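Undergrad: Handing you this structure, nothing more for now.
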Amino acid sequence: MRIAVVCASHYGATLGIAERIGAELTLAGLDAHVYDAATPPHAEDVAGFDAFVVGSAVYMGHWLKDASTFVRRHQPTLLEHQVWLFSSGPLGTETTDADGADLRESTVPAEIDEFTNAVRPVGHRVFFGAIDPEALSLPHRMIRKFPGAAEKIPAGDFRDWTEIEAWAREIARTLVKAG
């Protein structure tokens, strides 16, 4: 069974998540291929996959353009296959905001409702992300210098690899059972 793991990653943290998902799917005996959404498989290649995992880094409440474009462009094919979506966004060690709301629920990107209707994914997950201030572009470094921004955009790697691997194994079990 061939699986495409496609993601859009601005600084590499989300690509790291996609690569870990691809590795777990491969360990489960599936033929997983990881693609950057900026250079996804060609349309004829997309038709040759049996399932898809598509994800994106989230900025300002939205998926990156390359991932959104991939879902919209290949919607007819995705609709005919099992699809899982993931988003990488929240930063920090707190799992709830000041009001007690779960950050994974309150940071679901705006596109997910549209994509849920368009491709009927098996599921969507929000994972915590990572940020290295030294790797940021000048505009993003400047944003972190605004008063209070460094607290809202903390530096560090907050990805929960155990959670990510468990989700990938859940996907693999579903695919193996269906296959």
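Undergrad: Just to be sure before I move on: is VAL108 aliphatic (A, V, I, L, M), farther than 20 Å from SER9 by Cα and either touching a strand residue (DSSP E or B) at 6+ places or on another chain (Cβ under 8 Å) or modelled with pLDDT of 95 or more (or both) in the structure I sent?
TA: The answer is no for VAL108.
Undergrad: For segment 101-129: of the residues being farther than 25 Å from LYS152 by Cβ and among the charged types (D, E, K, R), which is least open to solvent (accessible area, probe 1.4 Å)?
TA: Ranking the qualifying residues of segment 101-129, first place goes to GLU114.
Undergrad: Would you be able to tell me the number of residues in segment 41-58 that are buried (at least 22 other Cβ atoms within 10 Å of the Cβ) and either closer than 25 Å to GLU134 by Cβ or of a type in the set (Asp, Glu) (or both)?
TA: So the count comes out to 4.
Undergrad: Based on what the data block shows, is LEU78 under 15 Å from ILE3 (Cβ atoms), open to solvent by less than 40 Å² (accessible area, probe 1.4 Å), touching a residue at least 12 places away in the same chain (Cβ under 8 Å) and part of a helix (DSSP H, G or I)?
TA: Taking the combined requirement at face value, the residue satisfies it.
Undergrad: Still on this model: Of (1) aliphatic (A, V, I, L, M); (2) within 30 Å of THR26 (Cβ to Cβ); (3) out of contact with any helix residue (DSSP H, G or I) (no Cβ under 6 Å at 6 or more places or on another chain); (4) surrounded by 13 or more Cβ atoms within 10 Å (Cβ to Cβ), LEU136 satisfies all except one. Which?
TA: Among (1) aliphatic (A, V, I, L, M); (2) within 30 Å of THR26 (Cβ to Cβ); (3) out of contact with any helix residue (DSSP H, G or I) (no Cβ under 6 Å at 6 or more places or on another chain); (4) surrounded by 13 or more Cβ atoms within 10 Å (Cβ to Cβ), the lone unmet condition for LEU136 is (2).
Undergrad: Sticking with this one: Here is a list: GLY92, GLY129, GLY123. Which entry is of a type in the set (Gly, Ala, Ser), touching a residue at least 60 places away in the same chain (Cβ under 8 Å) and touching a strand residue (DSSP E or B) at 6+ places or on another chain (Cβ under 6 Å)?
TA: Going through GLY92, GLY129, GLY123 in turn, just one is of a type in the set (Gly, Ala, Ser), touching a residue at least 60 places away in the same chain (Cβ under 8 Å) and touching a strand residue (DSSP E or B) at 6+ places or on another chain (Cβ under 6 Å): GLY129.
Undergrad: Another question, then. Is it true that some residue in segment 84-100 is part of a strand (DSSP E or B), of a type in the set (S, T, N, Q) and crowded, with 20+ Cβ neighbours inside 10 Å?
TA: yes
Undergrad: Please work out which residue is most open to solvent (accessible area, probe 1.4 Å), limiting yourself to segment 11-40 and to residues that are outside any helix (DSSP H, G or I) and under 16 Å from LYS65 (Cα atoms).
TA: My answer is THR39.
Undergrad: Of everything in segment 41-62 that's in a loop (DSSP other than H, G, I, E, B) and farther than 22 Å from ALA172 by Cα, which residue is modelled with the lowest pLDDT?
TA: The extreme case among them is HIS42.
Undergrad: Take the residues of segment 146-155 that are over 17 Å from THR93 (Cβ atoms) and either at pLDDT 80 or above or touching a Lys or Arg at 6+ places or on another chain (Cβ under 6 Å) (or both): which is surrounded by the fewest Cβ atoms within 10 Å (Cβ to Cβ)?
TA: Taking the candidates together, the pick is PRO147.
The values are calculated or read from the model by the stated rules, or taken from the named source; none is laboratory data. Every value quoted in this text rests on a predicted model; they were computed, and no experiment measured them. Quick reminder, even Gly has a Cβ in these numbers, built from the backbone with ideal geometry, and neighbours come from all protein chains shown. Ligands, DNA and RNA are excluded from the accessible area calculation, which covers all protein heavy atoms including side chains. Shrake-Rupley method; radii C 1.70, N 1.55, O 1.52, S 1.80 Å.
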